[in-house]
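Reviewing the structure listed below.
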Amino acid sequence: MASKYQAPRGTFDVLPDTARARARIEGAAAAIFARAGYEPISTPAFEDTELFERGVGRSTDIVRKEMFTFEDKGGRSITLRPEGTAPICRAYLEHGMHKLAQPVKLFYAGPFFRHERPQAGRYRQFHQVGLEAIGTDSPLADAEAIMLLADLLAELGVPGVELRLGSLGSLEARRAYLEELKSHLRANQGDLSKDVRERIDINPLRAFDSDDEGTQSVMASAPTIVEHLEGDDAEHFATVRGLLDAAGIAYEIDPTLVRGLDYYTRTIFSFVCEGLGAQSEVGGGGRYDGLIEQLGGPPTPAVGWAAGIERILLALGEEGEAPRRDAFLAVADETQRQRALALASELRHAGLAVEVDLAERSLKGQLKHADRIGARRVLILEADGGAQLRDMKSGEQRPVEPGRLLEEIGGARP
Ligand code: AMP
C-alpha cells in the first residue's frame, strides 16, 4: 500500500511505540527540571536568520552549511531553528526577563533542524530537551546544569555514559589562545586537511574535531586552552570540578573538547555513550557568557545544555512500552452498543484504560480484535443487562455483577 510520498530525507515519522518512549523521556526531564525550579518555555520553530548568524556564529558549520533558510512572502530571511539557546536568549531580552529574579531557569523540548548528512543518530529534523540558567556567572550553575543532565540520563537508564569536561576560558583568554592556535596551525599547514587549512582564520578550534590523520597528528602537539587557563578562568574551572567531585559525578578532563557553536565560554561538557558509534554524544552544552550581549542585550552570563531525544532512544535500544489496556468492552448483542460506549466513558472517568469496538464487528470478531490489540480482559455485555468477564490469556469466562465492574476491571491492571 506504499504511496509515492515518503517522509523527506533525514526525517522520520514518530510512530506510536516510539512516541510513548519519547513521552517518557520528556516526562522524566520535565519532572527533574521542575524539582530544581526550572520552568518550561517554548519558542517558535523558525526565527529571523540573523539571530542564528549572530548567535551561533557565521564561521560555524551550522550557519555555513546546515541551516534550512528561506525567504518568506514578505522577503524576510527565515531559518528553521537549528538550536535552542539563541532563541531563548532572544526571548529573554524580548520579554525583559532580566527584570525577574536571576538566574532565570528555563527548560524546553521540541524539534530542531539541520541540513546534515543523514545517518544513524543524525537527522535533519531531530528533537532536543534542554535547559538554560541565565543571569549568573557562578560555577554552581555550571555544576547544577551538569548534575541535572547526569540525573536525567541515570533516571532513564542510559547505559555506558561518560562525561567529558573542558573549559574555553573567558572571551579575552579565548581570543589570545586562538592566536596561538592559529600560529601552530599555520606552522604545520602542509599536514592539515584542505578544509581545516581553509578555515585556520575563521574557525581554528574545529581542527580538534577533524577525522583527517594529518590534521590529527598536528593537533596532538597543539596547545590546548585548558593548559592555558589563568586567574578567574582557572579558578572557575577548578570550582566546577570540585563541585562535581563533591556531588559524586565522575568526569574526564578533555583538553581537546570543542563544540560546534561559537558562543561557548569557560565550561563546556559532553555526555557520550560508547554504544552509539560515530554519533556518540547524547547531550552537551556549556557556559555562554557573551551571547546575550552579542544579541544586543546587557552583559548577562549564562549556562545550558541540550540532549538529543533520538540519541537517548538509540542508547536505550528502546522499542517503547506497550500501551496500557485494562479492558475491551465487547457486545454480545447489537442492542448493547450504546451501553458499551456509555460504560466505557464511565470507566475511563474512573481512570481505567478501556476501549470499545468501533467497527461493529460480530462477537467473534470483537474477541479476535481484542486479542490483536493486546487487551488482557474483555467485558462482554449481554442483552439481558448482564455481563461476562473473559480473561484473554486463559480463555476463562465468568459472570460479573454490574455493581462490581470497576473493581473487577481495575483489579486486572498489571
Ligand atoms: P548541539 O546543539 O550541537 O550542542 O547538540 C546537542 C545534542 O543534540 C547532541 O548531543 C545530540 O544528542 C543532538 N543532536 C545534534 N544534532 C543532531 C542531529 N542532526 N540529529 C540528531 N541529534 C542531534
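Given Ala344, Leu313, Gly385, which one lies farthest toward the positive end of the charge dipole of the stretch 262-414, if we put +1 on the Cβ of every Lys and Arg and -1 on the Cβ of every Asp and Glu?
In the stretch 262-414, that residue is Gly385.
About the Cα centre of the stretch 327-411, how large is the charge dipole given +1 on each Lys and Arg Cβ and -1 on each Asp and Glu Cβ? Please answer in debye to the nearest 20.
320 debye
What is the Cα coordinate range of the chain on the first, second and third principal axes, sorted by size from largest, in whole angstrom?
Per principal axis, max minus min of the Cα coordinates gives 91, 50, 45 Å.
If R₀ is 45 angstrom, what is the calculated FRET efficiency for the pair Ile373 and Asp211, using the beta carbon separation as r and rounding to 0.05?
Efficiency computed from Cβ-Cβ geometry: 0.45.
Can you give the accessible area per residue of the chain, in Å², using a 1.4 Å probe?
About 50 Å² of surface per residue is accessible.
Evaluate the Kirkwood expression for the hydrodynamic radius of the stretch 216-354, namely the inverse of the mean inverse distance over all pairs of different C-alpha atoms, and round to one decimal in Å. Walk me through the intermediate numbers first.
Details: mean 1/r = 0.0492 Å⁻¹.
By the Kirkwood definition, the hydrodynamic radius is 20.3 Å.
Summarise the accessible area of the stretch 327-411 (1.4 Å probe, protein heavy atoms) by the percent that is carbon and sulfur. Intermediate values should be presented prior to the final figure.
Working: 2410 of 4990 Å².
The C+S portion of the solvent-accessible surface of the stretch 327-411 is 48 percent.
Over all distinct alpha-carbon pairs, what is the Kirkwood Rh of the stretch 327-411 in angstrom?
After inverting the mean inverse Cα-Cα distance, the result is 12.5 Å.
How do 326-334, 398-406 rank on mean C-beta neighbours within 10 Å, highest first?
Order by mean packing, descending: 326-334, 398-406.
Determine, from the Cβ-Cβ distance of Arg122 and Tyr5 and an R0 of 22 Å, the FRET efficiency 1/(1 + (r/R0)^6), rounded to the nearest 0.05.
The computed FRET efficiency comes out at 0.40.
With both partners inside the stretch 327-411, how many of the DSSP beta bridges are antiparallel, as a percent to the nearest 5?
55 percent
Just going by the charge dipole of the chain, with Lys and Arg at +1 and Asp and Glu at -1 on Cβ, which of Gln6, Ser221, Gly242 is farthest out on the positive end?
Farthest towards the positive pole: Gln6.
Quick check for me: using +1 on Lys/Arg Cβ and -1 on Asp/Glu Cβ, what's the dipole size of the chain about its Cα centre, in debye to the nearest 20?
1320 debye
If you roll a 1.4 angstrom probe over the protein chains with everything in place, what fraction of the accessible area of the stretch 200-304 belongs to carbon and sulfur, to the nearest %?
Result for the stretch 200-304: 45 percent of the exposed heavy-atom area is carbon or sulfur.
Find the relative contact order for the chain and round it to a whole percent, using C-alpha pairs within less than 8 Å whose residues are 6+ positions apart.
Numbers: 694 pairs, mean separation 67.1, N = 414.
Normalised by residue count, the contact order of the chain is 16 percent.
Ranked highest first by average number of other Cβ atoms within 10 Å, how do 10-19, 95-104 line up?
Order by mean packing, descending: 95-104, 10-19.
Relative contact order for the stretch 327-411: what percent, with Cα pairs under 8 Å and sequence separation of 6 or more?
Result for the stretch 327-411 is 31 percent.
Considering only the chain, what is the antiparallel percent among its DSSP beta bridges, to the nearest 5?
DSSP beta bridges in the chain are roughly 80 percent antiparallel.
The values are calculated or read from the model by the stated rules, or taken from the named source; none is laboratory data. Just so you know, these numbers come straight off a predicted model, no measurement behind them. Every residue, glycine among them, receives a Cβ derived from its backbone with ideal geometry; neighbour counts consider all protein chains shown. We work out accessible area using only protein heavy atoms, side chains counted, and drop any ligands, DNA or RNA first. Shrake-Rupley method; radii C 1.70, N 1.55, O 1.52, S 1.80 Å.
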